[in-house]
Amino acid sequence: MSVLKTLLHGNEGGLNAQGLTAVQKVTLRAVIVGVLYYGLAAIEGMMMRAQQITPLPFIDESHYFSIMTVHPIVGIFGSTYLLVFGAFTFLVPYLMNKPLYSVKIANWTWILIAVGALSSWLGGFIYHYAPLYTLYWPLPVDFKQYNAVGGLVFVGGIALIMFGTIGFIYNIFATVFYTEKGHEKRPIKPLLISALGIDGFLNILYKMQGKEPYAKEPAVSLPVVAIFRGTIDTFLDALVILTCGILILIYIFAELAGVPMDYTSVNALLYKNFFWWGLDLIADGLVLIYVAGTWYLLAMLITGKKLFMQNIARAALLLELVVSWFVWSHHLLADQGQPNMMKLVSGEMVTAFELVTQGIAVFITLVTLWSARPLKMSNELKFLLAGILGFMLAVPAGILQADMGLNRVLHNTQWIVGPHVHVAILVGLSMTLYSALYTLWPIVTNNVKLYSQKLANIHFWGQLIGGIGMGAFMGMAAMDGMLRRTLYINGEYETYMILAGICGFMLIVAWVCFLVNVIMSIGLNGLLRIFTKTTLDTTACVPALKTV
Amino acid sequence: MTDSTDVLNMLKIVYTIYTVSVMLLIAWFAFGVMSPKGKPRIVKPSIFYGYVGVLVTVGVAIHIVTFNKIPWVEIDFKRDHITPDKVVNIVVKDHHFELPQKRIIAQCQEYVLFDVDSKDLTYGFGLFRQNNSMVLQMQVVPGSSNQLMWKFEKNGVYSIRSTEYSGPKGAYIYYENAFEVQGCETNDKYAMRKVQHERS
């Protein structure tokens, strides 16, 4: 088959989009848009990398910082949220063996998030609105530096993303609790107890007392428990971001109406606490919980075995949820107005528990895999191991910076965004998501054959070496004092930045290989038809599992 | 006396060893999990609980060690009860740091209190050596008390830089050689080059 034919029709016939269910289609739509947004975030990242190597004539300060502002919005919301939400929209009904509560809401979810990310990106691209994702008060309403219309476009985009997020949350919770047509009434209490992981705690307690377990067969499977828990943090985070967005919008409207408001009415430190409490529920809440749940699912699917120490895993997920509500102060260790007791308890001690909860997830996943050896080093397994490695590197890096002594010389340096954030996202999270993608690929595409294993291998090594390498060189620059939001125009950290740039380029190559592999596997015809209405009259997740 | 260079060098060594160890562990696991040799061993719960104990110990120990070994942590905790030998008042407005002198001079072993007040946006305050490495920093939040106490043990000339983003206009807030420490027996070798140059 010629390359052109494969490009059009896919590998060995490619994707038969007419044979896809509505749930498969909505999942693939979210994933495809998420992968495209990942590419945009990667290109933005490379533009900033290039600027850090040598100042580029076509990027001035306001352009540079507007790229820096939209880069995490596109990367986290446009890409990661869509990939994760798409996968979970499929997994929750699939694992619970019941129909998704609403395909319509699922469609609105990815559309709102995609349009919202585009709007925020335009706010940066056209108007150079650049208060960064941290939105430290009163920077977002500093209209001496920013255009109010740009703020409206940017914050309006964030609001759309949050509305899409709330749609996802509603759909997930509704899918867990509702009783589908023709099924006997599902009682809410055991579902809620199981979804919160309380049954895991009770099982441990009963065992210690020598009693029979509270629930031999939990009402909700472990991965769904993780999705449920993570979604609680997703909800709280959406509420906080929306509240801050409304506050900023009030100031923007007042400015546009010609009656500017006094920004000192809002206490900057209190705002910072509130905003970080919500924002941190992404980084230290839903990401870690979703990732742990995904590891557990992948370990069970790869080995075909039950998870090691299931009850502990359930209980640990609940602990992680509670921990995630009390760790935000580690973002304020350099704020001298923040009470020392909050820095000590929330910033240091409670945060240190993330080492424990994430460490438990690593241990349980690895032991489950080991118990089933010998295993074939499939794409699913190698991406999973790389994902675990990413978090084994990034979480301790975060614990180190969440120390009052070290934070004094690490805060706002390249350490934060290099060894911690980018290793966590590009290696830990992304590799986990790719593992999930390779695992779900045959289920969601009805067994489309992968075009090239070579491209998959280049993708793997490019992402792994590029991600770790970039983080490492950024970390080394941090040791020499390089800040993360400062422009250096005299070549102060040129060597590190060239090396980080080479690693960044490897990440771009890896993404291109992945994209080519996906398109050549399913074909452009199949790809476009994913966005057409399904012709199958079923509410099941996959054609073989009809529930109607 | 420990300074930020010593702390960051130690961190570099510890984290590099950790990173290499973890990568080797995962590589070993990847080869091991494919190997058909030997039976898979059942991991006893005691091993798991021992591992959790190690994680808790490490998580807490990091903070105990740094509290005892990094001198500025204790000073930071007790700063309300220590009378400063010198107070450096700085006002920040419109992306400009209003310094008390063009070059602020502090004596060795003095408790210096940096009191920085922002009149508009959130900024950062940091001291940097001649090789751009960081000595200290804090956030400067409007409407809040932004005080950082420090004791300098080495001679050197340092630059002030805003360590927090305050919009594109604040991209280059930098005051070269704005702070000097005198009277110590030892020199901060990374903060001395410009002094020698100026004196020669």
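Each of A:Asp403, A:Asp262, A:Asp480, A:Asp537 has its accessible area taken with a 1.4 Å probe; listed largest first, they run A:Asp537, A:Asp262, A:Asp480, A:Asp403. Modelled this way, with points 7 Å down the Cα-to-C-beta line, the labels at A:Ser102 and A:Phe163 are 1.3 nm from one another. For the listed residue pairs A:Lys272/A:Lys343; B:Lys119/B:Lys154; A:Lys25/A:Lys382, the alpha carbons are over 21 angstrom apart in B:Lys119/B:Lys154; A:Lys25/A:Lys382.
Summed over the residues of the stretch A:201-340 and divided among them, the accessible surface reaches 39 Å² per residue at a probe radius of 1.4 Å.
Note on A:Leu192 and A:Lys305: the model spin-label points, each 7 Å out from Cα along the C-beta direction, lie 3.7 nm apart. Computed with a 1.4 Å probe on the full set of protein chains, the accessible area for B:Ser144 sits at about 20 Å².
Assuming R0 = 51 Å, can you tell me the calculated FRET efficiency for the pair A:Lys144 and A:Thr538, based on Cβ-Cβ distance, to the nearest 0.05?
Numbers: r = 58 Å, r/R0 = 1.13.
E between A:Lys144 and A:Thr538, to the nearest 0.05, is 0.35.
Residue ranking by accessible heavy-atom surface, 1.4 Å probe, largest first, among B:Thr2, A:Thr495, A:Thr109 comes out as A:Thr495, B:Thr2, A:Thr109.
At 25 °C and 0.890 mPa s, what whole-number value in µm²/s does Stokes-Einstein give for the translational diffusion of the protein assembly as shown, with Rh from the Kirkwood sum over Cα pairs? Before the final figure, lay out the partial values.
Working: Rh = 27.1 Å.
Stokes-Einstein gives a translational diffusion coefficient of 90 µm²/s.
Could you size up the charge dipole of the stretch B:79-199 around its Cα centre, putting +1 on the beta carbon of Lys and Arg and -1 on that of Asp and Glu, and report it in debye to the nearest 20? Spell out each step's value before the answer.
On the way: 15 positive and 15 negative charges, 79 e Å.
Here the size comes out at about 380 debye.
Counting heavy atoms of the protein chains alone, A:Leu91 has an accessible area of about 10 Å² for a 1.4 Å probe. Over the protein assembly as shown, dividing the summed -39,500 (n - 2.57) contributions of all DSSP H runs of at least 4 residues by the number of residues returns a 222 nm mean residue ellipticity of -19000 deg cm²/dmol. By the combined test of axial Cα extent (at least 30 Å) and Kyte-Doolittle hydropathy (mean at least -1.0), the qualifying DSSP H helices of chain A come to A:22-53, A:103-127, A:148-177, A:222-256, A:379-401, A:453-479, A:494-529. Screening chain B for whole DSSP H helices with an alpha carbon extent of at least 24 angstrom along the helix axis and a mean Kyte-Doolittle hydropathy of at least 1.0 yields B:4-34, B:45-69.
With both labels modelled 7 Å from their Cα along Cα-to-Cβ, the A:Ile502 to A:Glu184 distance reads 6.6 nm.
Determine the alpha carbon to alpha carbon distance for each of B:Lys151/B:Lys189; A:Lys306/B:Lys37; A:Lys104/A:Lys181; A:Lys449/A:Lys533 and list only those over 19 Å. Write down the numbers at each step before the final one.
Numbers: B:Lys151/B:Lys189 17 Å; A:Lys306/B:Lys37 22 Å; A:Lys104/A:Lys181 17 Å; A:Lys449/A:Lys533 23 Å.
Too far apart for the 19 Å limit: A:Lys306/B:Lys37; A:Lys449/A:Lys533.
Largest accessible area first, the residues B:Asp80, A:Asp199, A:Asp60 order themselves as B:Asp80, A:Asp60, A:Asp199 under a 1.4 Å probe with ligands, DNA and RNA left out.
Once you list every other residue whose beta carbon is under 13 Å from the beta carbon of A:Tyr136, what net charge do they have if Lys and Arg are +1 and Asp and Glu are -1? Don't skip to the answer; put the middle values down first.
Working: positive: A:Lys272, A:Arg485; negative: A:Asp142, A:Asp335, B:Asp120, B:Glu164.
Summing Lys/Arg as +1 and Asp/Glu as -1 gives -2.
Ratio of alpha-carbon Rg to the 2.2 N^0.38 Å globular estimate for the stretch B:79-199, to two decimals, please.
Numbers: Rg = 14.1 Å, N = 121, 2.2 N^0.38 = 13.6 Å.
Its radius of gyration relative to the 2.2 N^0.38 Å reference: 1.03.
The chymotrypsin sites (Phe, Trp or Tyr not before Pro) of the stretch A:57-104 that DSSP puts in a loop, and whose beta carbon has at most 12 other beta carbons within 10 Å, are A:Phe58. Estimated from the Cβ-Cβ distance and a Förster radius of 56 angstrom, the FRET efficiency linking A:Val345 and B:Cys108 is about 0.95.
In this view, the solvent-accessible surface of A:Met506, computed with a 1.4 Å probe and all protein chains in place, comes to about 60 Å². Over chain A, Cα pairs under 8 Å with separation of 6+ residues give a relative contact order of 22 percent.
Taking the DSSP beta bridges with both ends in the protein assembly as shown, the antiparallel portion is around 65 percent.
Applying 1/(1 + (r/R0)^6) with R0 = 41 Å to the Cβ-Cβ distance of A:Phe177 and A:Ile250 gives a FRET efficiency near 0.70.
What is the gain in length, in nm to one decimal, between B:Lys39 and B:Ala61 on full extension, counting 0.36 nm per residue of separation less the C-alpha to C-alpha distance?
Values: separation 22, 0.36 × 22 = 7.92 nm, distance 3.65 nm.
In short, 4.3 nm is gained.
How high is the relative contact order of chain B, in percent, counting Cα pairs under 8 Å that sit 6 or more residues apart?
18 percent
Counted by Cβ distance under 13 Å from A:Trp110, the other residues give a net charge of +3, where Lys and Arg count +1 and Asp and Glu count -1.
The values are calculated or read from the model by the stated rules, or taken from the named source; none is laboratory data. Worth saying up front: this structure is predicted, and the values here are computed from it rather than measured. Note that each Cβ is placed from the backbone with ideal geometry, even for glycine, and that neighbours are counted across all protein chains shown. Just the protein is used for accessible areas: all its heavy atoms, side chains included, with ligands, DNA and RNA removed. Shrake-Rupley method; radii C 1.70, N 1.55, O 1.52, S 1.80 Å.
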